[in-house]
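The values are calculated or read from the model by the stated rules, or taken from the named source; none is laboratory data. Just so we're clear, the structure is a prediction, and the values are computed from it rather than from any experiment. Glycine gets a Cβ as well: all are built from the backbone with ideal geometry, and neighbour counts include every protein chain shown. Remember, those area values only see protein heavy atoms, side chains included, never the ligands or the DNA or RNA. Shrake-Rupley method; radii C 1.70, N 1.55, O 1.52, S 1.80 Å.
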Amino acid sequence: MESFNSVEAIITRIIALNHAWKVSRETLGAKNDITEAMRRQKSSWQASLLRFHENAAYLKVDNDNTDGEVLLSVRLHSPVNINGVLRLDAEHIPLRIAKELFSSYELESLIR
């Protein structure tokens, strides 16, 4: 059985929260308490992945996102099989949120 805090379990949680956040944002609106709670929870799990599994993931600026704010892709060093799909990332985190979750030193060391 997979550990609650394994890389695969954390990535599965991040993906599920990202999908739920998007549905909530479309249905309830971006400023809804439930929508914001899901976004915060997703970001918290992304921070846990980056902090406690430092050999598994890093941040990369998403230069393809030209609309809106700067996004960071949570990239995986090695592909991970999640529900039969090989994942190379654990979704995106806006730079403004990453600045809230990490010290400037941490953020500098995580971005490649």
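Under 20 Å from the 7 Å Cα→Cβ point of residue 103, by amide nitrogen: which residues of region 52-66? What the label zone holds, given the 20 Å backbone N cut-off, is 52-55, 58-59. Each residue, residue 51 and residue 85, gets one label point 7 Å from its Cα in the Cβ direction; the gap between the two is 2.8 nm. For region 1-93, applying the loop criterion from DSSP together with a ceiling of 16 other beta carbons within 10 Å to the GluC sites (Glu not before Pro) yields 2, 54, 69. For region 40-99, the equivalent ellipsoid built from the Cα gyration tensor has semi-axes of 19, 14, 10 Å, listed from largest to smallest.
Straightening the chain between residue 20 and residue 64 buys 13.5 nm, computed as 0.36 nm per residue apart minus the Cα-Cα spacing. Between the listed residues 29, 95, 5, the Cα displaced farthest toward the positive end of the dipole of the chain, a dipole computed from Cβ unit charges relative to the Cα centre, is found at 29.
In this calculation the C-beta distance from residue 111 to residue 31 is compared with R0 = 25 Å, giving a FRET efficiency of 0.30.
Taking the charge dipole of region 7-110 about its Cα centre, with +1 at Lys and Arg Cβ atoms and -1 at Asp and Glu Cβ atoms, the residue from 61, 43, 105 reaching farthest to the positive side is 43.
Ellipsoid semi-axes for the chain, based on the Cα gyration tensor and the rule √(5λ), read 21, 19, 13 Å when sorted largest first. Ordered by solvent-accessible area of protein heavy atoms (1.4 Å probe), largest first, the residues 12, 35, 27 come out as 27, 12, 35.
Taken one residue at a time, the phi angles of region 29-38 give Karplus couplings (6.51, -1.76, 1.60, θ = phi - 60°) of x, 5, 8, 5, 4, 5, 4, 5, 5, 5 Hz. Gly and Pro are set to x. Applying a DSSP loop filter and a limit of 12 other Cβ atoms within 10 Å to the trypsin sites (Lys or Arg not before Pro) in region 12-59 leaves 31. Largest to smallest in accessible area, the residues 74, 85, 7, 61 fall in the order 85, 61, 7, 74 (1.4 Å probe, all protein chains included).
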